Each structure stands twice: as C-alpha cells, then as structure tokens.
Amino acid sequence: MSVEVHHAVQGPPDAPLLVLSGSLGSTREMWRPQVEALAGRFRVVAYDTRGHGRSPAPPGPYSLADLGGDVLRLLDRLGAERAHFAGLSLGGMTGMWLAAHAPERVDRLALLCTSAELEREGWRQRAATVRDRGVGAVADGVVQRWFTPGYAAGRPRLVERMRAMVAGTSDEGYAGCCTAIERMDLPPVLPRIAAPTLVVAGSEDPATPPDHAGRIAAAVPDARLHVLDGGAHLASWECAEEVDALLLDHFGAAGPEGGGPGDGPRTATENST
C-alpha cells in the first residue's frame with residue numbers, strides 16, 4: 001500500500017514538474033545543490049523516500065512497486081498527470097520501475113549512480129545488520145562510498161553531516177528498502193522504458209560502478225550515457241555543477257510544450273504527513 005511521503009516544492013507553479021528521488025539512507029537534503037540550480041526553470045519536488053527523513057516508515061519489507069506507488073500517489077496529490085524524474089541510486093531504481101510500469105506518468109528520466117541489478121546476499125545481510133544493530137552500524141561505510149577519499153578529507157563537516165543523516169534513518173525504513181534492492185529484477189523491463197533517458201555514472205563509484213550504468217544505457221532504447229570524471233556515489237553533491245548542467249540540458253531539451261521553463265513567480269512550499 002502506498003504512503004504519503006514528505007516533500008518540498010520549489011520553483012514557478014506553472015513550470016514543468018521535476019521530481020527528485022534520493023539514495024538509500026538520505027533525505028531530500030542530498031538534492032540541495034540541484035534544487036538551487038533547477039528551481040528557476042522547473043517546479044522541483046524533492047521528497048523523502050518511505051522510511052527516510054520525515055516520511056512514514058511502515059513495517060517492511062518493501063518492494064520497488066511500493067516505492068514507485070508512493071511516487072504515483074505523490075503525483076496525484078500534486079495534481080500532475082506527468083513529470084520529469086531524476087533518481088540517484090535507490091531513487092534511480094524507483095525511476096526505472098516507474099518508467100517501465102507507469103510510462104504515461106514519466107516525461108523524461110535521469111538515472112544517476114544506480115543499477116538495475118545488484119548482488120542479493122550483501123543486501124540481505126545489510127538488512128539483518130540494521131535490524132539487529134541499527135542504521136548507525138552501517139553509516140560510516142555508507143558515507144565512505146558516497147565520496148572519493150580526497151573530497152571527503154577536505155570536507156570533514158560535510159562528511160559528518162551526511163553520516164548523521166544516514167544514522168538518523170529509521171531502522172525499519174532502511175532495512176525495508178534494503179530488501180527492495182535485494183529483490184529487484186529490473187533488466188527484463190528496461191527495454192519497455194520509452195521516456196528519453198540520461199544515465200550518469202561516477203568514474204570512482206564503488207557502489208554502482210560505471211559498467212552498471214553502461215548496462216542500463218545499452219538496454220533502455222536510445223538512452224544517453226555520461227560518466228563523470230572522478231565522482232563517487234553521491235555525485236549530486238561531489239560533482240554538483242556538472243550534474244546540474246547535465247540535468248538542465250536533459251530536461252530542458254523537452255522544449256516549451258514538453259517541459260520548458262515557466263514564467264510564474266518562484267515559490268517554495270513544504271508538505272509533511
């Protein structure tokens with residue numbers, strides 16, 4: 001059953017809608033650089049995945065169908081028939097599910113630092129660890145994969161803030177999403193994706209290396225692949241300027257009829273269940 005996720009809206013009310021979906025263990029805070037860059041041209045909706053941030057954490061386990069259903073419910077609440085969608089890691093997995101199973105709701109799609117299929121046993125073990133010892137037991141390892149060593153070394157306060165964000169995630173929510181990743185099987189449905197798709201990888205990403213992005217781009221019809229030079233897993237932050245430019249180019253390519261900029265006043269609203 002879908003839940004009403006916490007979300008914030010920023011940008012002109014008559015601009016094309018762009019939904020941002022985050023990584024496992026993150027809140028909508030991970031998209032701060034993109035919201036600032038994109039809200040002048042799009043109505044940007046950043047949300048907390050179920051079990052994360054201020055969204056509900058129903059009993060798990062979860063599936064990608066659950067996470068995708070939450071987005072469809074969000075679009076319905078916003079009165080939007082269609083939207084652009086950008087997802088990183090777990091958010092990208094959610095985006096692939098949406099574009100394959102509800103193609104009429106997705107205009108253009110961007111998939112960042114993600115995978116269509118990952119080794120299952122590790123995710124089963126991580127869910128068990130979190131249920132036994134809490135998210136704090138895995139937070140250091142998660143953030144270590146988010147940034148390259150050099151970038152992290154120069155920004156200790158950012159690293160600690162991100163670690164606190166991960167550790168603050170609901171144990172049930174984090175473990176439930178681990179199971180969604182463990183059980184996903186997206187490769188068979190990738191050829192069904194009709195939305196114009198951009199696939200982005202970080203060259204130094206240890207969690208979802210560039211070959212994962214390559215397989216997605218090869219399977220999704222007419223997808224475009226871009227590998228960031230030197231980025232790790234949380235490319236939305238470490239490679240923010242390049243990611244911003246890629247998203248502006250990809251979503252702006254729709255033009256005025258399919259997703260160009262609006263002319264209304266810039267607004268910001270926040271909604272919580």
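The values are calculated or read from the model by the stated rules, or taken from the named source; none is laboratory data. On a predicted model such as this, the values are computed, not experimentally measured, just so you know. Here the Cβ positions follow ideal geometry from the backbone for every residue, glycine too, while neighbour counts run over all protein chains shown. For accessibility, only protein heavy atoms count, side chains too; no ligands or nucleic acids. Shrake-Rupley method; radii C 1.70, N 1.55, O 1.52, S 1.80 Å.
Odds and ends about this structure:
- The candidate values are (i) 18.0, 61; (ii) 17.0, 51; (iii) 17.8, 54; the one derived from this structure for Rg and Dmax of the Cα atoms in Å carries the label (ii).
- Using a Gaussian network model of the chain in which every pair of alpha carbons under 10 angstrom is joined by a spring, one finds that among HIS226, HIS84, HIS52 the greatest mean-square fluctuation is at HIS226.
- Most mobile listed residue (ASP171, ASP249, ASP107) in the chain, GNM with C-alpha springs under 10 Å: ASP249
- Compared with the dominant Cα axis of the chain, that is its longest principal axis, helix 90-101 is turned about 50°.
- Calculated on the alpha-carbon coordinates, the convex hull of the range 152-264 measures out at 167 cubic angstrom per residue.
- Rolling a 1.4 Å probe across the protein heavy atoms gives the chain an accessible surface of 40 Å² per residue.
- Whole-percent carbon and sulfur share, accessible surface of the chain, 1.4 Å: 49
- Near ARG43, the amide H atoms lying under 5 Å from its own belong to ALA15, LEU17, LEU18; only residues 5 or more places off or on other chains count, and H is placed 1.01 Å from N.
- With Cα atoms, 0 to 90° folded angle of helix 64-78 axis to the chain main axis: 40
- Amide H contacts under 5 Å for VAL227: ALA201, restricted to partners 5 or more places along the chain or on a different chain, H placed in the peptide plane at 1.01 Å from N.
- In the chain, the DSSP-assigned H stretches of four residues or longer account for a calculated mean residue ellipticity at 222 nm of -13000 deg cm²/dmol, using -39500 (n - 2.57) per stretch and the full residue count as denominator.
- When you restrict to C-alpha pairs under 8 Å that are six or more residues apart and normalise by the size of the chain, the relative contact order lands at 28 percent.
- Between the C-alpha center of the range 24-57 and that of the range 164-220 there is a gap of 17 Å.
- Here the relative contact order of the range 25-180, from alpha carbon pairs under 8 Å that lie six or more residues apart, stands at 31 percent.
- Between 0 and 90°, nearest 10: helix 210-219 axis offset from the chain longest Cα axis: 50
- A run of the chain free of exposed loop cleavage sites, with GluC sites (Glu not before Pro) counted only in DSSP states other than H, G, I, E and B and at most 12 other beta carbons within 10 Å, reaches its longest extent at 120-273.
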